[in-house]
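Worksheet: one structure, shown below.
The values are calculated or read from the model by the stated rules, or taken from the named source; none is laboratory data. A quick note: this is a predicted structure, and the numbers were derived from the prediction, not measured. As a convention, Cβ positions derive from the backbone with ideal geometry for all residues, glycine included, and neighbour counts pool all protein chains shown. Remember, those area values only see protein heavy atoms, side chains included, never the ligands or the DNA or RNA. Shrake-Rupley method; radii C 1.70, N 1.55, O 1.52, S 1.80 Å.
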Amino acid sequence: MQAAQRRTLDPAGAGGILLTFLALGAGGGAVIGWAAGSPGIGILVGVIVGIPAGVFAVYRRYRDACS
């Protein structure tokens, strides 16, 4: 019987996930802001939403590494 494998924390992978969600948030915010008439505000709101989304995604991906 094989023991369950633990996932190890990969700092570069975690940073990539954070940057991906940050960029997706900023891009989506820019599009929505552009449609509403203010892309700068849209980017700001997208980044504010993208940061916690990225942190949550990293937590979901690496939650077994810290237990």
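Table for the structure above
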{"read-out": "Selected residue (only one of A26, A57, A30 is in contact with a Pro (Cβ under 6 Å, 6 or more places away or on another chain), in a helix (DSSP H, G or I) and at pLDDT 95 or above)", "value": "A30"}
{"read-out": "Residue count for the range 18-44, restricted to those that are loosely packed, with under 15 Cβ neighbours inside 10 Å and touching a helix residue (DSSP H, G or I) at 6+ places or on another chain (Cβ under 6 Å)", "value": "1"}
{"read-out": "Pair list, Cβ < 9 Å and 6+ apart or interchain, from the range 38-65 residues that are in contact (Cβ under 8 Å) with a residue 12 or more places away in the chain and farther than 30 Å from R7 by Cα to residues that are small (G, A, S) and open to solvent by 80 Å² or more (accessible area, probe 1.4 Å)", "value": "G42/A35; G42/A36"}
{"read-out": "Any hit, the range 37-56, residues being of a type in the set (A, V, I, L, M, F, W, C) and in contact with a Ser or Thr (Cβ under 9 Å, 6 or more places away or on another chain)", "value": "no"}
{"read-out": "Filter pass, G50 being at pLDDT 95 or above and in contact with a Phe, Trp or Tyr (Cβ under 6 Å, 6 or more places away or on another chain)", "value": "yes"}
